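*Asks:* I am attaching a structure below and will ask some questions about it afterwards.
The values are calculated or read from the model by the stated rules, or taken from the named source; none is laboratory data. Being a predicted model, the structure only gives us computed values, none of them experimental. Note: ideal-geometry Cβ built from the backbone for every residue, glycine included; neighbour counts use all protein chains shown. Ligands, DNA and RNA are excluded from the accessible area calculation, which covers all protein heavy atoms including side chains. Shrake-Rupley method; radii C 1.70, N 1.55, O 1.52, S 1.80 Å.
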Amino acid sequence: MLRVFLFASLRDRAGWAERMLPLGSERTTAGQFWEQLQLGPLQGISIAVNQQLVDADQLLNAGDELAFLPPFTGG
């Protein structure tokens, strides 16, 4: 299982902010997991595993905390 977090507009798009989701028996990357969520293209979205920013090719392990963050803006 993974604890998956969605923030801001991603949370609004999915209709949830946090879920425990199963991790398949095959090795899966953060990018592949995003595709399974079917929330649109990954372009511009930041990924964090266990509170560390990572690339989409980061392999996931059972018990990981996975977060997807939309592009940030500010001033």
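*Asks:* Are any of the residues in the stretch 47-68 open to solvent by 80 Å² or more (accessible area, probe 1.4 Å), at pLDDT below 95 and farther than 17 Å from Met1 by Cβ?
*Replies:* Scanning the stretch 47-68, I find no residue that is open to solvent by 80 Å² or more (accessible area, probe 1.4 Å), at pLDDT below 95 and farther than 17 Å from Met1 by Cβ, so the answer is no.
*Asks:* In addition: It is to be established whether one or more residues within the stretch 13-20 are basic (Lys, Arg) and part of a loop (DSSP other than H, G, I, E, B).
*Replies:* From the stretch 13-20, those basic (Lys, Arg) are 13, 19; that's our starting set.
When the remaining residues are screened for being part of a loop (DSSP other than H, G, I, E, B), the result is none.
No, the stretch 13-20 contains no residue that is basic (Lys, Arg) and part of a loop (DSSP other than H, G, I, E, B).
*Asks:* Turning to a different aspect of this structure: Given (1) in contact (Cβ under 8 Å) with a residue 60 or more places away in the chain; (2) within 15 Å of Glu65 (Cα to Cα); (3) open to solvent by less than 90 Å² (accessible area, probe 1.4 Å), where does Ser9 come up short, assuming only one miss?
*Replies:* The single condition Ser9 does not satisfy is (2).
*Asks:* Additional query: Give the stretch 35-46 a look and list any residue that's open to solvent by 70 Å² or more (accessible area, probe 1.4 Å) and of a type outside the set (Asp, Glu), or say none.
*Replies:* Gln36, Gln38, Pro41, Gln43
*Asks:* I've got another one for you. How many residues are at pLDDT below 95 and under 12 Å from Asp64 (Cα atoms) when one looks only at the stretch 23-46?
*Replies:* Summing the residues that are at pLDDT below 95 and under 12 Å from Asp64 (Cα atoms) in the stretch 23-46 gives 1.
*Asks:* Looking only at residues that are of a type outside the set (D, E, K, R), open to solvent by 70 Å² or more (accessible area, probe 1.4 Å) and over 12 Å from the mean Cα position of the chain (by Cα) in the stretch 21-34, which one is farthest from Arg3 (Cα to Cα)? If you could, list the steps in order and put the result at the bottom.
*Replies:* Looking only at the stretch 21-34, we keep the residues that are of a type outside the set (D, E, K, R), and these are 21-25, 28-34.
Next, from what is left, pick out any that are open to solvent by 70 Å² or more (accessible area, probe 1.4 Å): 22, 25, 32.
Next, from what is left, pick out any that are over 12 Å from the mean Cα position of the chain (by Cα): 22, 25.
Values: Pro22: 9, Ser25: 16 Å.
Result: Ser25.
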